[in-house]
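Asker: Mind having a look at this structure? Questions to follow.
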Amino acid sequence: MTFQMQNFARILQFSVSFSRSFHQCQPLNQIQLLTRLRVVDNSTIGKEAMLEGRPPKCIHVYNKTGIGTIGDKVLVAIKGQKKKAVIVGVKQKQAPLVPKFDSNNIVLIEDNGTPIGTRIHVPVPSILRKILKERSVAKQIDFTKLLSIATKFV
């Protein structure tokens with residue numbers, strides 16, 4: 001009887017210590033509040049932030065759900081400033097024919113929708129054309145300039 005109790009105590013101790021090394025939930029691969037992002041244009045503020053190892057963080061997502069996908073506009077904190085950006089690539093699972101990226105990519109824009117940089121260094125999904133064309137409003141924000149500085153499309 002004592003042998004069985006000792007075995008039971010060992011199993012219980014092993015299972016408690018073993019379960020502590022696992023996380024209960026999976027990490028989120030979506031863009032929401034305080035998500036670290038990667039600037040993929042050649043703007044000076046974006047390059048400096050990435051070289052310092054302090055990538056921009058998402059402060060706000062401009063949509064109803066609060067979770068950003070390709071083509072959504074976000075507000076980011078970068079080098080102590082607030083800037084607007086457009087998401088051009090995300091890690092999360094995508095719809096068919098939409099590429100999944102290794103990092104959450106953004107392009108910094110000004111308030112009127114013109115990009116701060118002059119070139120985008122990574123491939124941009126071709127579905128972004130359709131998404132941004134639907135969201136461009138006449139005489140307000142024009143996202144076509146963002147597509148014109150892209151060098152590669154996937």
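Asker: Please verify whether residue 148 is closer than 23 Å to residue 32 by Cβ, among the small types (Gly, Ala, Ser) and at pLDDT below 90, treating the condition exactly as stated.
Answerer: Here the answer is no, as residue 148 does not meet what is asked.
Asker: Looking only at residues in region 12-52 that are at pLDDT 90 or above and of a type in the set (Gly, Ala, Ser), which one is farthest from residue 150 (Cα to Cα)?
Answerer: 49
Asker: While we're looking at this one, here's another question. Check whether at least one residue in region 139-151 is touching a helix residue (DSSP H, G or I) at 6+ places or on another chain (Cβ under 8 Å) and within 19 Å of residue 30 (Cα to Cα), and report yes or no.
Answerer: no
Asker: Right, here's the next one. Looking at region 48-55, can you tell me whether even one residue there is without any contact (Cβ under 8 Å) to a residue 40 or more places away in the chain and within 19 Å of residue 123 (Cβ to Cβ)?
Answerer: Yes, because at least one residue in region 48-55 is without any contact (Cβ under 8 Å) to a residue 40 or more places away in the chain and within 19 Å of residue 123 (Cβ to Cβ).
Asker: With at pLDDT below 90 and open to solvent by less than 20 Å² (accessible area, probe 1.4 Å) as the only criterion, which of 70, 106, 87 stands out?
Answerer: Only one candidate qualifies: 70.
Asker: If you go through region 111-127 one residue at a time, how many are at pLDDT 85 or above and closer than 20 Å to residue 83 by Cβ?
Answerer: The qualifying residues number 11.
Asker: Sticking with this one: Filter region 94-116 down to residues that are in contact (Cβ under 8 Å) with a residue 40 or more places away in the chain and over 14 Å from residue 145 (Cα atoms), then give me how many there are.
Answerer: Final tally of qualifying residues: 5.
Asker: Taking the stated definitions as given, is residue 59 in contact (Cβ under 8 Å) with a residue 60 or more places away in the chain, farther than 18 Å from residue 118 by Cβ and either touching a strand residue (DSSP E or B) at 6+ places or on another chain (Cβ under 7 Å) or surrounded by 13 or more Cβ atoms within 10 Å (Cβ to Cβ) (or both)?
Answerer: no
The values are calculated or read from the model by the stated rules, or taken from the named source; none is laboratory data. In this text the structure is predicted, and so the values were computed from the model without any measurement. Cβ atoms come from the backbone with ideal geometry, glycine included; neighbour counts cover every protein chain shown. Protein only, heavy atoms only, side chains kept; ligands, DNA and RNA dropped before computing areas. Shrake-Rupley method; radii C 1.70, N 1.55, O 1.52, S 1.80 Å.
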